[in-house]
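Below is one structure, written out as structure tokens; comments come after it.
The values are calculated or read from the model by the stated rules, or taken from the named source; none is laboratory data. All figures in this text were calculated on a predicted structure; none of them were measured in a lab. Glycine also receives a Cβ, built like all others from the backbone with ideal geometry; neighbour counts cover every protein chain displayed. Please note that ligands, DNA and RNA were not included when accessible areas were found on the heavy atoms of the full protein model with its side chains. Shrake-Rupley method; radii C 1.70, N 1.55, O 1.52, S 1.80 Å.
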Amino acid sequence: MMKNREIEAQVRTRAQNRFEVSVDESLALLAEPSLADVSALKLRRVTKPDSSGRTVLLAVIDKVEDWKTVSRWTAQVRDMLPEPDTSDLYLILLAEEFSSHNCSRIEADEQFCRKYVTSSLEEIPSLLDRTFLASLSASGTGEGIVDPVAAAFQSTQAKHTWLTNTVQDQWLRSFLSEKQGKDLVPDILETIYPEMDF
């Protein structure tokens with residue numbers, strides 16, 4: 001099994017319930033033949049499937065010289081993407097046997113896209129924790145990223161009993177809707193008015 005498929009499986013797991021994931025073969029075909037272990041994914045928010053998405057390029061290399069080939073591929077992909085998709089282009093690179101210095105050097109260069117690099121397949125979960133695919137968690141255990149909305153709900157619920165789980169779910173749906181502020185506030189007030197303990 002190609003290693004980029006293993007990375008893709010981990011990306012799909014992280015994206016579950018948050019993003020729709022599809023393979024974009026046309027972008028993978030832009031890679032030079034020497035890059036045999038590559039793929040391109042399109043991720044679109046589940047809540048906004050018609051919006052522009054994020055493009056995630058996956059590549060596996062084992063020689064420092066191959067980095068230039070990956071960089072050319074990334075540049076070609078960026079040139080093919082319409083605006084505003086160019087601002088949401090990411091590269092996840094498994095650079096096997098690379099030193100931590102080389103991995104850091106590649107990540108620091110944000111030309112063409114944002115890059116995430118690791119030298120080991122076993123480190124992919126921690127690499128994904130540094131991306132927009134990081135796990136969202138309201139726990140204070142320090143694992144994953146704390147979802148600020150869930151954390152705010154939790155602390156507010158401790159002080160105000162009217163902020164039930166049902167109200168939180170309704171608010172979250174309102175927040176994720178495409179409503180503007182003037183339409184959002186009445187929505188929120190309507191959900192809490194009967195339950196408020198003045």
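Quick notes
- The smallest convex shape that holds all Cα atoms of the range 34-167, its convex hull, gives 143 Å³ per residue.
- Share, in percent, of DSSP beta bridges within the range 1-107 that are antiparallel, nearest 5: 60
- Axis angle, to the nearest 10 degrees, between helix 66-80 and the longest C-alpha principal axis of the chain: 50 degrees.
- Within the full protein context, the accessible area of residue 80 is estimated at about 120 Å² for a probe radius of 1.4 Å.
- Residue 103 accessible area, 1.4 Å probe, all protein chains in place, Å² to nearest 10: 10
- Antiparallel DSSP beta bridges within the chain, percent to nearest 5: 45
- Rounded to the nearest 10 degrees, the inclination of helix 3-15 to the longest alpha-carbon principal axis of the chain is 10 degrees.
- Label positions at residue 179 and residue 46, each projected 7 Å from the Cα along the C-beta direction, are separated by 2.1 nm.
- Residue-level accessible surface for residue 78, protein heavy atoms, 1.4 Å, Å²: 90
- Angle between the chain longest axis and helix 181-192 axis [Cα atoms, degrees, rounded to 10]: 50
- Within straight-line cross-link reach of residue 63, lysines at Cα separation under 21 Å, skipping those fewer than 8 residues along the same chain: 3, 115
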